[in-house]
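Written below as structure tokens is the structure these notes are about.
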Amino acid sequence: MNAPAAPVAPSYLSEGTTPVSWLLTTDHKRIAWLYLISLTAFFFLGGAMATLMRIELATPAGDLVSDDTYNRLFTIHGIVMVWFFLVPSIPATLGNFLLPLMIGARDLAFPKLNLASWYVFILGSLFTLSAVVAGGVDTGWTFYTPFSSIYSNSHVSAAAFGVFVVGFSTIMTGINFIVTVHKLRAPGLTWFRLPIFVWTIYATSLVMVLSTPVLALTLILIVFDRLFGIGIFDPGQGGDPLLFQHLFWFYSHPAVYIMILPGMGVVSEIIPCFCRKPLFGYTAVALATMAIALFGFLVWGHHMFVSGQSTYAGVVFSFLSFCVAIPSAIKVFNWSLTLRKGSITFEASMIYALGFLALFTFGGLAGLFLASLAVDVDLHDTYFVVAHFHYIMVGGMVTAFMAGIHFWWPKMTGRMYPEMWARVAAATIFIGFNLTFFPQFVLGVLGMPRRYHAYPPEFAFWHELSSAGAVILAIGYLMPLFYLGWSLFAGRFAPANPWRATGLEWQTSSPPPPHNFEQMPQVTSKPYQYELKDQQS
């Protein structure tokens, strides 16, 4: 069937079609696309490394690659996935595209800084990838000293310097978002009328700006240690290798919330829409968002329970780690009560959101085991930690990212995707993910250490299940690449508000005009007023 005639209203997509018009744009919507294309490439690069690792682990013998090659595979997998996909994923793509639309602004506060952040991101990531081409890095994505600073003969300095450069992109984006939320809100859009997605982007930006400089300086100290022998992390020169762990995790645990908070914001937009109900406990969810950002700076020591820190410090960090679960539990509780007695429909984005709710909750509960001192001593550096991390970061954040892409795809492109294929992909990803990572919990309890490319035969069954699940998961992630790509050219044209959602972004055309709104919107009510909207329609 032929698609209907294209809408005649001008959109940001028709402002210029040459490569130069895209590469020099200062339109936040186009910059979001630059990030989306870049991050998609890095996602599949990191996924390719993971695929090679799972093929290697399908048999106990370690007969596909050498131990040194395996070290380099999981290192580049971690570096690419964490710093070149997970950290920037939702803020740099959906955040860039939606934040001005959601608050009634024409653009971000600093459009040129926004474009510069993308170029800095590309520059830093290519610098790190040059280390891969030159032979790789074998330290693990955490760059633990003294191995990374003294003993490794791989290209640590280039990889660390690339991540250092990417940190500046993160800081630029965070500053831009903070100023935008403070200064460019539409008339009537008070703080407690903001969508929860805006709250999460704002909280994430605060964490970005406050924590990223610590990581950047820590990595540059490794480079100085290697190039000039200054001995910051060398005990032979009076340095302390554990200092690196404190500095690294002071950034990297808040970075967990840089990754997951925007996903929580996405889910907080989708669940009310497809339940046709207001978000239960809006104020509590907003305040819990800020509480998570605050508590994230207080719990880094739970990564170091077996590193030799004092028992008293371990008890304090264990207690605080249980405390940080409370605001996350508040969010899960409120999402669940939003679902209660709602008129639920199961569009693809809703299936992804429900998948997030299940996987994030399960992964978070597993984290409570690792927050317990006695249990963590047994489970530290086993596959239990790998499974917990992936349930939060992949099961949680990537699933939320997919939910958001599907929810706002009609707004971003002006096209609808095939709903049936999107639902099949969501179910495939959920099944493949659990088959991949749930066996790793069992492996961890049985005592299988992480980062080993060969293992005793008694672990083979669980590794075979995990590798089989990885095949299903890879198929699930490839499917949206095809049907979303198809929709760009052959999908039917989207109306301004295909989901009958609330929010200012749905009050403009799909795709939006270059400056977002023909007239400045006025906000007169709280968000998520679905009962009122349904009465009006």
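The values are calculated or read from the model by the stated rules, or taken from the named source; none is laboratory data. Please read these numbers as outputs of a predicted model, since none were measured by experiment. All Cβ positions, even for glycine, are placed from backbone atoms using ideal geometry, and neighbour counts span all protein chains on display. Areas reflect the complete protein model, heavy atoms only, side chains present, ligands, DNA and RNA absent. Shrake-Rupley method; radii C 1.70, N 1.55, O 1.52, S 1.80 Å.
Look through TYR528, TYR452, TYR477 and report the one residue that is in a loop (DSSP other than H, G, I, E, B) and open to solvent by less than 40 Å² (accessible area, probe 1.4 Å).
Working: TYR452 fails: open to solvent by less than 40 Å² (accessible area, probe 1.4 Å); TYR477 fails: in a loop (DSSP other than H, G, I, E, B).
The match here is TYR528.
Filter segment 112-147 down to residues that are open to solvent by less than 40 Å² (accessible area, probe 1.4 Å), part of a helix (DSSP H, G or I) and in contact with a His (Cβ under 7 Å, 6 or more places away or on another chain) and give me whichever is farthest from LEU86 (Cα to Cα).
Filtering segment 112-147 for residues that are open to solvent by less than 40 Å² (accessible area, probe 1.4 Å), part of a helix (DSSP H, G or I) and in contact with a His (Cβ under 7 Å, 6 or more places away or on another chain), the one farthest from LEU86 (Cα to Cα) comes out as ALA131.
In segment 302-359, which residues are closer than 20 Å to ALA288 by Cβ and aromatic (Phe, Trp, Tyr)?
PHE319, PHE322, PHE333, TRP335, PHE356
May I ask you to verify whether ILE201 is open to solvent by less than 50 Å² (accessible area, probe 1.4 Å), more than 18 Å from HIS77 (Cα to Cα) and either touching a strand residue (DSSP E or B) at 6+ places or on another chain (Cβ under 7 Å) or in contact (Cβ under 8 Å) with a residue 12 or more places away in the chain (or both)?
Values: open to solvent by less than 50 Å² (accessible area, probe 1.4 Å): yes; more than 18 Å from HIS77 (Cα to Cα): yes; either touching a strand residue (DSSP E or B) at 6+ places or on another chain (Cβ under 7 Å) or in contact (Cβ under 8 Å) with a residue 12 or more places away in the chain (or both): yes.
Yes.
Just to check your reading of the model, which residue among GLU458, GLU518 is acidic (Asp, Glu), open to solvent by 20 Å² or more (accessible area, probe 1.4 Å) and under 30 Å from ALA61 (Cβ atoms)? Write out each step before concluding.
Working: GLU518 fails: under 30 Å from ALA61 (Cβ atoms).
Exactly one of GLU458, GLU518 is acidic (Asp, Glu), open to solvent by 20 Å² or more (accessible area, probe 1.4 Å) and under 30 Å from ALA61 (Cβ atoms), namely GLU458.
Return the residues of segment 325-341 that are among the charged types (D, E, K, R) and open to solvent by 10 Å² or more (accessible area, probe 1.4 Å); say none if nothing qualifies. Let's see the steps before the verdict.
First, the residues of segment 325-341 that are among the charged types (D, E, K, R): 331, 340-341.
Matches in segment 325-341: ARG340, LYS341.
Can you work out which of the residues in segment 296-313 that are closer than 14 Å to ALA374 by Cα and of a type in the set (Phe, Trp, Tyr) is surrounded by the fewest Cβ atoms within 10 Å (Cβ to Cβ)?
Step by step, filter segment 296-313, then rank; the result is TYR312.
Could you please find all residues in segment 204-222 being aliphatic (A, V, I, L, M) and either under 22 Å from LEU294 (Cβ atoms) or open to solvent by 10 Å² or more (accessible area, probe 1.4 Å) (or both)? Working first, answer last.
Here is the first cut: in segment 204-222, the residues aliphatic (A, V, I, L, M) are 206-210, 214-217, 219-222.
Residues satisfying the conditions are LEU206, VAL207, MET208, VAL209, LEU210, VAL214, LEU215, ALA216, LEU217, ILE220, LEU221.
Would you mind finding the one in LEU221, LEU206 that is of a type in the set (A, V, I, L, M), farther than 29 Å from SER525 by Cα and in a helix (DSSP H, G or I)? Talk me through it step by step, then tell me what you get.
Working: LEU206 fails: farther than 29 Å from SER525 by Cα.
Answer to the selection: LEU221.
Please go through segment 148-177 and give me each residue that is open to solvent by 30 Å² or more (accessible area, probe 1.4 Å), of a type in the set (Val, Ile, Thr) and at pLDDT 95 or above, ordered by number.
ILE171, ILE175
Does segment 506-515 contain any residue that is at pLDDT below 95, assigned to a loop (DSSP other than H, G, I, E, B) and open to solvent by 100 Å² or more (accessible area, probe 1.4 Å)?
Yes: segment 506-515 contains one or more residues that are at pLDDT below 95, assigned to a loop (DSSP other than H, G, I, E, B) and open to solvent by 100 Å² or more (accessible area, probe 1.4 Å).
Going by the structure shown, is ILE405 assigned to a helix (DSSP H, G or I), buried (at least 19 other Cβ atoms within 10 Å of the Cβ) and in contact with a Lys or Arg (Cβ under 9 Å, 6 or more places away or on another chain)? Lay out the reasoning, then the answer.
Numbers: assigned to a helix (DSSP H, G or I): yes; buried (at least 19 other Cβ atoms within 10 Å of the Cβ): yes; in contact with a Lys or Arg (Cβ under 9 Å, 6 or more places away or on another chain): no.
Considered against the rule, which asks whether it is assigned to a helix (DSSP H, G or I), buried (at least 19 other Cβ atoms within 10 Å of the Cβ) and in contact with a Lys or Arg (Cβ under 9 Å, 6 or more places away or on another chain), ILE405 comes out as no.
Using beta carbons and a limit of 6 Å, which pairs, at least six apart or on different chains, have the first residue in segment 299-319 and free of Cβ contacts under 8 Å to residues at least 60 places away in the same chain and the second one outside any helix (DSSP H, G or I) and open to solvent by 20 Å² or more (accessible area, probe 1.4 Å)?
Here the result reads GLY314/PHE305, each pair linking segment 299-319 to a residue that is outside any helix (DSSP H, G or I) and open to solvent by 20 Å² or more (accessible area, probe 1.4 Å).
Going through segment 480-492 one residue at a time, which ones are touching a helix residue (DSSP H, G or I) at 6+ places or on another chain (Cβ under 9 Å) and surrounded by 15 or more Cβ atoms within 10 Å (Cβ to Cβ)?
PRO480, TYR483, LEU484, SER487, GLY491
So which residues in segment 251-295 are in a helix (DSSP H, G or I) and surrounded by fewer than 20 Cβ atoms within 10 Å (Cβ to Cβ)? Quick ask: steps written out before the conclusion?
Step one: of segment 251-295, the residues in a helix (DSSP H, G or I) are 251-275, 282-295.
Passing the criteria: THR283, ALA284, LEU287, MET290, ALA291, LEU294.
Just checking, which of THR142, THR170 is polar (S, T, N, Q), under 21 Å from THR218 (Cβ atoms) and touching a Pro at 6+ places or on another chain (Cβ under 8 Å)?
Details: THR142 fails: touching a Pro at 6+ places or on another chain (Cβ under 8 Å).
Just one listed residue meets the conditions, THR170.
If PHE322 satisfies every condition in (1) open to solvent by less than 10 Å² (accessible area, probe 1.4 Å); (2) over 22 Å from TRP408 (Cα atoms) but one, which is the exception?
Of (1) open to solvent by less than 10 Å² (accessible area, probe 1.4 Å); (2) over 22 Å from TRP408 (Cα atoms), only one is false for PHE322: (1).
Do you know which residues across segment 424-449 are surrounded by fewer than 18 Cβ atoms within 10 Å (Cβ to Cβ) and either more than 20 Å from VAL386 (Cβ to Cβ) or without any contact (Cβ under 8 Å) to a residue 12 or more places away in the chain (or both)?
Once the filter is applied, which keeps residues that are surrounded by fewer than 18 Cβ atoms within 10 Å (Cβ to Cβ) and either more than 20 Å from VAL386 (Cβ to Cβ) or without any contact (Cβ under 8 Å) to a residue 12 or more places away in the chain (or both), segment 424-449 yields VAL424, ALA427.
Suppose the filter is in contact with a strand residue (DSSP E or B) (Cβ under 9 Å, 6 or more places away or on another chain), open to solvent by less than 20 Å² (accessible area, probe 1.4 Å) and either in a helix (DSSP H, G or I) or under 21 Å from ALA353 (Cα atoms) (or both); does SER467 pass it? Working first, answer last.
Values: in contact with a strand residue (DSSP E or B) (Cβ under 9 Å, 6 or more places away or on another chain): no; open to solvent by less than 20 Å² (accessible area, probe 1.4 Å): yes; either in a helix (DSSP H, G or I) or under 21 Å from ALA353 (Cα atoms) (or both): yes.
Against the criterion (in contact with a strand residue (DSSP E or B) (Cβ under 9 Å, 6 or more places away or on another chain), open to solvent by less than 20 Å² (accessible area, probe 1.4 Å) and either in a helix (DSSP H, G or I) or under 21 Å from ALA353 (Cα atoms) (or both)), SER467 does not qualify.
So, GLY396, is that one surrounded by 16 or more Cβ atoms within 10 Å (Cβ to Cβ) and out of contact with any Pro (no Cβ under 9 Å at 6 or more places or on another chain) or not? Walk me through it before giving the result.
Working: surrounded by 16 or more Cβ atoms within 10 Å (Cβ to Cβ): yes; out of contact with any Pro (no Cβ under 9 Å at 6 or more places or on another chain): yes.
So GLY396 passes the test.
Could you look through segment 371-382, keep only residues that are in a helix (DSSP H, G or I) and open to solvent by 20 Å² or more (accessible area, probe 1.4 Å), and pick out the one that is farthest from GLY301 (Cα to Cα)? Spell out how you get there, then give the answer.
The initial filter retains those residues of segment 371-382 that are in a helix (DSSP H, G or I), namely 371, 373-379.
Okay, now just the ones that are also open to solvent by 20 Å² or more (accessible area, probe 1.4 Å), so 373-375, 377-378.
Values: LEU373: 11, ALA374: 15, VAL375: 15, VAL377: 14, ASP378: 17 Å.
Here the answer is ASP378.
What are the residues in segment 63-82 that are surrounded by fewer than 24 Cβ atoms within 10 Å (Cβ to Cβ), within 21 Å of TRP141 (Cα to Cα) and not aliphatic (A, V, I, L, M), if any?
SER66, ASP67, ASP68, THR69, TYR70, ASN71, ARG72, PHE74, HIS77, GLY78
Being open to solvent by 30 Å² or more (accessible area, probe 1.4 Å) and either small (Gly, Ala, Ser) or at positive phi (or both) is the filter here; which residues of segment 229-250 pass it?
Within segment 229-250, GLY229, GLY236, GLY238 qualify.
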